[in-house]
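Input: a single structure, listed below in structure tokens.
The values are calculated or read from the model by the stated rules, or taken from the named source; none is laboratory data. Nothing here was measured: the structure is a model prediction, and the numbers come from that model. Don't worry about glycine lacking a Cβ; one is built from the backbone with ideal geometry, like all the others, and counts go over all protein chains shown.
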Amino acid sequence: MDEQELRDVIAEVKAGRLSRRGFVQMMVGLGLTAPLAAQMLASAGVAQAQTKLAYKPTKRGGGGALKVLWWQGSTLLNPHFAVGTKDQDGSRIFYEPLASWDPDGNLVPVLAAEIPSVQNGGLAKDGKSVTWKLKKGVQWHDGKPFTADDVVFNWEFAADPATASVTSGTYKDVKAQKIDSHTIKVSFAKPTPFWADPFVGVRGMIIPKHLFEAFKGGKSREAPANLKPVGTGPYKFVDFKPGDMVKAEINPNYHVANRPFFDTLEMKGGGDAISAARAVIQTGEFDYAWNMQVEDEILKRLEQGGKGRADILLGGNIEHIQLNNTDPWTEVDGERSSIKTKHPLLTDPAVRQALNLLVDRASVQENIYGRTGIATANFLNAPPRFVSKNTKWELNIDKANQILEAAGWKKGADGIRAKDGKKLKLVYQTSINSPRQKNQAIVKQAAAKAGIDMELKSVTASVYFSSDVANPDTYTKFYTDIQMYTTTMTQPDPELFMNQFTSWEVASKDNKWQGRNITRWKNEEYDKLFRAAESEMDPVKRAALFIKMNDLVIQHVVVIPVVARPRVSAVFNKLHAPPSPWDSDFWNLSHWYREA
Amino acid sequence: MSKYLVRRLLISIPALLGISLVLFTVLALAPGDPFEELATNPNVPAEVRANLRTQFGLDDPIAVRYVRWVAAMAKGDWGFSFTSRVDVSTLIMQRLPTTLFVLGTAQLLGLLVALPVGIYSAVRPYSIFDQIATTFAFIGFSLPTFFTGLLFILLFSIYLDWLPFIYRADISATGWRWMWEMARQAIMPIAVLGLFQGASMTRFVRSAVLEVVQLDYVNTARSKGLSERVTILKHVVRNALIPVVTLVALQIPGIFTGAVITEQIFRVPGIGSLLISAILSNDTPVIMSITFVFSALVVFFNLIADVVYGWLDPRISLR
């Protein structure tokens, strides 16, 4: 789909011939994220759909206790130091951002009075600034009013390098400024198509200025409110034991009428995912459990006659196989897989294409992941039913054999193909995790039929995913021919997600292997497309750019996408808790309720 | 006596230093770092991690870090957790009561089972009671706690639906209701641990009593007309218990540091689960404190056991 076609489709939405949802689904099918599609519509002048949040209770409170289970407990409750989702979720009970992301990728105002757009004058046409109007009459849990000063303070707090906040990436290159008591302006150094990052979602939670002002910079650890949060959220702080329990009670002055429903909230941490699933789905001891990294077979068994269900929601996370572009077996200037080398086998496009034909994604989905891993041909977040034509996948051993044969890879006596004395032997690495080992076996089997010999290697997850510069087995060093893991899409915008194929992100010794381009693939066209997308303010053109980037990656078989990994949570049958893949599990906590 | 105590205490200082040095070095050399999760998160710039590492002093050489840690420890400062940024002493104090309650009760339960069963078995060796007790003891200590724990959960929580299998340290109820809830949730972890302890201790008590019960003075006691009850309780058990007391004393440090596996299965928020999550997240200050406190307790209770030995059996003199 090119730019003109996209414009036509948007015109149809404007005219009412195509529904917003239909449009978003179409874009998702093209490899775009739902939020981006929604932003496209917003900037093209189609009014933002007002997300309808179903809520039946007619009064505040009276819902009893809400008990939720996080098998990794929150360890701290300051959103600016929240390392993982467990901490972000714990903080989100008390703190709120200006806006949250709903499942379709629309912004939903929380502490903002409205979502900025070009139409309401909030969004500057040049993309260099955005003005947020804040909701009036919001109170902190201690009774102090919430104002623009608080929002601006969060920027100062997070952007200060001495604070070493985890959110600093979101705030360090922007500027926040108070316009009046309930208006703030965020300015960007350059046109920023994805303006909804600061003060939005998990990195946008606002902490109160009056309690943190004295603890900016190096003293940030000493703030008493780190452990006793005072926020604006639906529940007030009661007690916190790091790693074990977060207790909260209803906020009687919450800024949304008739909400929240529950009188108390308990967030219990610790244990393991399977027993957490059991406690919600099978026994109903708890109402909700987070991040069900449990095999689908077990989930299904628990669901039979159980008291709860598994909620499965597709996001942008993708389990994929990376092919190394550099030579992992030759050391140059103290590093293997150096960008100065070329992979002896995988630089042959025929080998790459053959490998792409040897990954049996259907079997992987069917036999390993079930509902929790959807076979896909796209790298950029696409559910299988919307897979675009140019990114089709297939399992075809004959075709793989033909391609290799045609490229001059001849089978030897041992059944392994070779060319110019180089044997088609690949080392295939991943982390130790039973579904991954099964996946490895499926690929290895198919590869053997095509005369490719694979040696399987698995590394303990804590080593594989570490950033330890001294360890040769980390995934960023990529000292093997191919490797497999899940890359997560944490942001509802593909820019950050797609930068992992740009040439300036190549992981190397010089950047301590912190570069995001692990495959070390370099392509001028891709770089150009990415640079263009970075500053392209026209969302339609920008969308087309990302689609092209996705297709380039797939065409060149830079990676082989295997399955998209949805977010899975366990929910008590009567609990109403809509999830969103683009935000915290608690993005909509104030609207949670239990049916009688 | 006091001279002996002082000498033993002085000897324990280099021993503890040695232990701490080994622990610290092993932890420092182990792969992974506390800010791993940040490294894989594309939203977090690399500088943040570098900044945190400097702020928490992780970039200094191991020797410097070790000396700094020893100096702080000597002043009673246990440092703060890298993941929660809370003082380690606070974290430990939050969890100590739960661990003491669960493990202390389990230990008590173990003794309550082991003493009568062990003594009775020894007094009537190879009787039917002894055979049955022995069989159960073998089953008991050959089944690991993670297995019996899961078995209990399956039976009592899933099939029968009698007991909750998620332990909550602070139950929001008072009075009898609190007691009831507490008992319901604590009974499984305590039983799992207690019966495991009890099984091995039963064998220990049995063999200790069996050794004494054959001695001549026991026959003397019987022949001078003492009742069987008095003979056993006053003359046999008292002497036989010396090794048992030592064993119990040496198990006390374990009560403070928790039971890693059982705490994980039942989600008991004790020291053991704190330790395991700290290990998983490479939270060095917490691991160091817990393991160091454990080794200090082992050294200390060894000393106590020796002292108690001398007190129970005057023939052993402490010099």
Residue satisfying all of: in the range A:193-222; in a helix (DSSP H, G or I) and basic (Lys, Arg); nearest to the chain's Cα centre (by Cα) among these: A:Arg203
Return a yes/no flag: does the range A:138-152 have any residue that is crowded, with 16+ Cβ neighbours inside 10 Å, in contact with a strand residue (DSSP E or B) (Cβ under 7 Å, 6 or more places away or on another chain), within 14 Å of another protein chain (Cβ to nearest Cβ) and closer than 17 Å to A:Glu96 by Cα. no
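Within the range A:448-487, how many residues turn out to be within 12 Å of chain B (Cβ to nearest Cβ), closer than 30 Å to A:Ala400 by Cβ and not in a helix (DSSP H, G or I)?
Number satisfying all stated conditions: 7.
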Scan the helices (runs of 4 or more DSSP H) fully inside the range B:28-126 and keep the ones with 1 or more residues being within 9 Å of another protein chain (Cβ to nearest Cβ). B:36-39, B:46-55, B:88-123
Working carefully through the options B:Val286, B:Val293, find the one that is more than 14 Å from every other protein chain (Cβ to nearest Cβ) and touching a residue at least 40 places away in the same chain (Cβ under 8 Å). B:Val293
Scope the range B:127-143; condition assigned to a loop (DSSP other than H, G, I, E, B) and either more than 30 Å from A:Arg278 (Cα to Cα) or without any contact (Cβ under 8 Å) to a residue 24 or more places away in the chain (or both); matching residues: B:Ser127
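Considering A:Lys247, A:Lys236, A:Lys185, A:Lys209, which residue is crowded, with 17+ Cβ neighbours inside 10 Å, within 10 Å of chain B (Cβ to nearest Cβ) and of a type in the set (Lys, Arg)?
Working: A:Lys236 fails: within 10 Å of chain B (Cβ to nearest Cβ); A:Lys185 fails: within 10 Å of chain B (Cβ to nearest Cβ); A:Lys209 fails: within 10 Å of chain B (Cβ to nearest Cβ).
It is A:Lys247.
Table: residues versus (1) modelled with pLDDT of 95 or more; (2) under 18 Å from A:Val108 (Cα atoms).
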site	(1), (2)
A:Ala159	no, no
A:Val174	no, no
A:Pro191	no, no
A:Ala196	no, yes
A:Arg203	no, yes
A:Ile206	yes, yes
Please tell me if A:Leu545 is more than 26 Å from A:Ala362 (Cα to Cα) and either over 19 Å from the mean Cα position of the chain (by Cα) or buried (at least 20 other Cβ atoms within 10 Å of the Cβ) (or both). yes
Could you tell me whether the range B:48-59 includes any residue that is within 28 Å of A:Thr85 (Cα to Cα), among the charged types (D, E, K, R), in contact with an Asp or Glu (Cβ under 7 Å, 6 or more places away or on another chain) and without any contact (Cβ under 8 Å) to a residue 24 or more places away in the chain? yes
Test: A:Pro198 is under 28 Å from A:His591 (Cα atoms), in contact (Cβ under 8 Å) with a residue 24 or more places away in the chain, buried (at least 18 other Cβ atoms within 10 Å of the Cβ) and within 14 Å of another protein chain (Cβ to nearest Cβ): yes
Quick one: would you say A:Ala225 is of a type outside the set (D, E, K, R), within 12 Å of another protein chain (Cβ to nearest Cβ), in contact (Cβ under 8 Å) with a residue 24 or more places away in the chain and part of a helix (DSSP H, G or I)? no
Looking only at the range A:216-229, filter to residues that are touching a strand residue (DSSP E or B) at 6+ places or on another chain (Cβ under 7 Å) and modelled with pLDDT of 90 or more; which one of those is surrounded by the fewest Cβ atoms within 10 Å (Cβ to Cβ)? A:Lys228
Filter the range B:133-155 for residues that are under 16 Å from B:Val205 (Cα atoms) and among the β-branched types (Val, Ile, Thr) and give the result. B:Thr134, B:Thr135
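Yes/no matrix, rows are residues, columns are (1) under 30 Å from A:Val118 (Cα atoms); (2) crowded, with 21+ Cβ neighbours inside 10 Å; (3) not charged (D, E, K, R):
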{"site": "A:Thr476", "(1), (2), (3)": "no, yes, yes"}
{"site": "A:Thr488", "(1), (2), (3)": "no, no, yes"}
{"site": "A:Asn499", "(1), (2), (3)": "yes, no, yes"}
{"site": "A:Gln514", "(1), (2), (3)": "no, no, yes"}
{"site": "A:Ile518", "(1), (2), (3)": "no, yes, yes"}
Report, by residue number, each residue of the range B:229-283 that is touching a Gly at 6+ places or on another chain (Cβ under 6 Å) and over 25 Å from B:Phe101 (Cα atoms). B:Asn282
From B:Ile171, B:Ile166, which residue is within 14 Å of another protein chain (Cβ to nearest Cβ), at pLDDT below 90 and buried (at least 22 other Cβ atoms within 10 Å of the Cβ)? B:Ile166
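Can you give me the number of residues within the range A:273-320 that are part of a strand (DSSP E or B) and charged (D, E, K, R)?
Within the range A:273-320, the subset part of a strand (DSSP E or B) is A:288-289, A:308-313, A:318-320.
Next, from what is left, pick out any that are charged (D, E, K, R): A:309, A:311, A:319.
Looking only at that region, the number is 3.
Tell me whether the range B:161-169 contains one or more residues that are assigned to a helix (DSSP H, G or I) and either touching a residue at least 12 places away in the same chain (Cβ under 8 Å) or among the acidic types (Asp, Glu) (or both). Spell out the reasoning first.
Residues of the range B:161-169 assigned to a helix (DSSP H, G or I): none.
Within the range B:161-169 (the criterion being assigned to a helix (DSSP H, G or I) and either touching a residue at least 12 places away in the same chain (Cβ under 8 Å) or among the acidic types (Asp, Glu) (or both)), the answer is no, since none of the residues qualifies.
So for the range A:77-93 (the condition being in a strand (DSSP E or B) and on the phi < 0 side of the Ramachandran plot), does at least one residue qualify? Break it down stepwise before answering.
Pass one, the range A:77-93, residues in a strand (DSSP E or B): none.
No, the range A:77-93 contains no residue that is in a strand (DSSP E or B) and on the phi < 0 side of the Ramachandran plot.
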